Protein chains: 2
Amino acid sequence: MKFTDMLQHCWDVNQSLLCVGLDPDPKRFPKQFESNKHAILDFCWDIVKSTGDLVCAFKPQIAYFASSGAEDQLKELIARIHGEYPEVPVILDAKRGDIGSTAKHYAKEAFERFGADCVTLSPYMGFDSVEPYLEYPDKGAFILCRTSNKGGDDFQMLDCGGQPLYHAVAKKVEQWNTTGQLGLVIGGTYPKELASVRALTPELNFLVPGIGAQGGDINACVQSGMNAQKTGMVINSSRAILYASSGEDFKEKARAVAMQTRDAINAARGL
Amino acid sequence: MKFTDMLQHCWDVNQSLLCVGLDPDPKRFPKQFESNKHAILDFCWDIVKSTGDLVCAFKPQIAYFASSGAEDQLKELIARIHGEYPEVPVILDAKRGDIGSTAKHYAKEAFERFGADCVTLSPYMGFDSVEPYLEYPDKGAFILCRTSNKGGDDFQMLDCGGQPLYHAVAKKVEQWNTTGQLGLVIGGTYPKELASVRALTPELNFLVPGIGAQGGDINACVQSGMNAQKTGMVINSSRAILYASSGEDFKEKARAVAMQTRDAINAARGL
């Protein structure tokens, strides 16, 4: 199934736009994971099992696995998600961006080695840095547009002939999106900017980080970013869910925060 | 030793601005590497031993290792380079770019796990995506400025208030470079643009891909990019050296092309 169809299906069956970001930081794990060689996998899998019916996607962040040399655990985690929750797409957050010949290898890493359904990419090197990912027709990619961090202003807000750079990126990605595989990453901390990109690109799907630990307001974010069908968004929360509790009740607490977040998003959609 | 001092020292002792890029593609290896489980490591190590006295740096491209699940071979390769050629810095070409909390993990991956002396980074997410790498005072980072690929024009050439975006990036990186750890990635295929960035940032070091297989002219590239000391450049060639021959003589041919390239660079410097 194509990534966008998979996402549409998961929005529908789980009635959720929430994505749980899997950023496993062993320093923040509950005590019970101490001296567990597969702590990263086991912790993430506990989170997945606690939230799998509440989400439209999972988004593992590859840096957290790579810093611990835990590529095998990432691979196993994605395989388990696909086995147990076949309706839930997995977005590998990697933000790659390189020349075509190198991008082919990153695409192979994400889609063939790890089995992800979608990746995040950086736009800075232009279309030939994105093209190799499109050669996998069932896979998707979200391109960085307006990011939720402080430094996001440094270049994304530069005036490029009467429009900010991130608008130029949004328009280009819409042009590139002839196959329907592309979407945009837009931080949830800037609702007005989210609304401006929604107006420019009514059809593109948005991956929206920045709610939860990064402080974005859910109501403003959803109303600014949703499309005419009241979907079109994959709203990510990572740390607020993963580390809702550092005690033995971390699974229950993670589920409770995920449910609360899903419900707040749905309320903002008017469901 | 700080990365920039290491680079300066290596420019001097090897009298070379040449960097050999290690982009190991098993499909292009000579026959003798067939059914070798450590072909990536063994091939790269053969190239390193054939060129180690001719270079100012080695630049492994992480995508080529990651697509084959060969992280352990990358780690071993860098350790061997440091053991056998302690004067030669290793630049891990990764082009990472992510929010601070994630960038910390990528920095840990590059510097602690793999032991690289320097990384390449993307500027799109701004200063807080670069800052965590600077917390390792002996390490360096080259930030993408003007890239040598076709799609490099898509955004880097956009007019931002009378200057192209890549000039805005160059100026910001110079501001960020209070500790001397930063440099710029500028393609060798655009000598005029290289000269324009050298004029803007006389002190920054440039990592320059795009000669060799990508077709850049060495003479124009060196004369446009070198600093007042006739250094300031790390001129990368990957495929033209690695795959100079697909036969049993690949090591000799790689050495011959590397020597030719080093000499052409030195001639252009007027040495």
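Each value in this text was obtained by applying a stated rule to the coordinates, not by laboratory testing. Note that this is a predicted model, so its numbers are computed, not measured. Every residue, glycine among them, receives a Cβ derived from its backbone with ideal geometry; neighbour counts consider all protein chains shown.
Plainly put, the tip 7 Å out from Cα toward Cβ on A:T178 is 4.8 nm from that tip on each other copy, the closest given first. Listed values for region A:59-71 are Karplus-derived 3J(HN,Hα) couplings in whole Hz (6.51 cos²θ - 1.76 cosθ + 1.60, θ = phi - 60°), namely 10, x, 9, 5, 4, 5, 7, 5, 5, 9, x, 9, 4, and x replaces Gly and Pro. Each other residue within a Cβ distance under 13 Å of A:M157 adds +1 if Lys or Arg and -1 if Asp or Glu, for a net charge of 0. Find every distance from the label point of A:D159 to the corresponding label point in the other copies (7 Å from Cα along Cα→Cβ) and write them in nm, one decimal, shortest first. Values, ascending and in nm: 1.3. From least to most packed, judged by other beta carbons within 10 angstrom and beginning with the fewest, A:Y243, B:Y166 follow the order A:Y243, B:Y166. Placing one equal scatterer on every Cα of region A:21-131 and applying the Debye formula, the log10 ratio I(q)/I(0) at q = 0.17 Å⁻¹ is -0.81. Taking amide H atoms as placed 1.01 Å from N in the peptide plane, the amide H of B:A94 lies under 5 Å from those of B:T120, each 5 or more residues away in sequence or on another chain.
Per-residue ellipticity at 222 nm computed for chain A from its helices equals -12000 deg cm²/dmol, with DSSP H segments shorter than 4 residues left out and the rest contributing -39,500 (n - 2.57). Per residue of peptide B:158-167, the mean number of Cβ atoms on other chains within 10 Å of the residue Cβ is 3. For A:C145, nonlocal amide neighbours, meaning residues 5 or more places apart or on other chains whose placed amide H falls under 5 Å from its own, are A:V185. Helix B:165-176 axis versus longest C-alpha principal axis of chain B: approximately 90°, rounded to the nearest ten.
Taking only Cα atoms, what is the 0 to 90° angle, nearest 10, from helix A:250-269's long axis to the longest principal axis of chain A? The angle comes out near 30 degrees. Roughly what would the spin-label model give for A:K192 and A:S246, points 7 Å off Cα along C-beta, in nm? Computed distance between label sites A:K192 and A:S246 equals 3.8 nm. The relative contact order of region B:3-269 comes to 21 percent, based on Cα pairs under 8 Å that sit 6 or more residues apart. Sort the protein assembly as shown into rounded, prolate or oblate with this rule: let a ≥ b ≥ c be the square roots of the eigenvalues of the Cα gyration tensor; rounded if a/c is under 1.5, and if a/c is not under 1.5, prolate when a/b is larger than b/c, oblate otherwise. In terms of gyration-tensor shape, prolate. For chain A, set up a Gaussian network in which alpha carbons nearer than 10 Å are linked by springs, and say which option among A:G140, A:G210, A:G69 fluctuates the most. Greatest mean-square fluctuation among the candidates belongs to A:G69.
For the pair region B:14-78 / region B:193-271, the C-alpha centres are spaced 18 Å from each other. Most simply put, the protein assembly as shown has about 10% antiparallel DSSP beta bridges, counting only bridges with both residues inside it. Rg over Rh for chain A works out to 0.95, both radii taken from alpha-carbon positions and Rh defined as the Kirkwood radius. For a quick check, take a GNM of chain B with Cα springs below 10 Å and name the residue from B:P137, B:P60, B:P209 with the largest mean-square fluctuation. For chain B, modelled as a Gaussian network with Cα springs under 10 Å, the answer is B:P137. Among beta bridges identified by DSSP and lying wholly in chain B, the antiparallel ones come to about 5 percent. Between identical copies, the spacing of B:G115 label points, each set 7 Å from Cα toward the C-beta atom, reads 3.4 nm from nearest to farthest.
Taking Cα atoms only, the orientation of helix B:39-51 departs from the longest principal axis of chain B by about 80 degrees.
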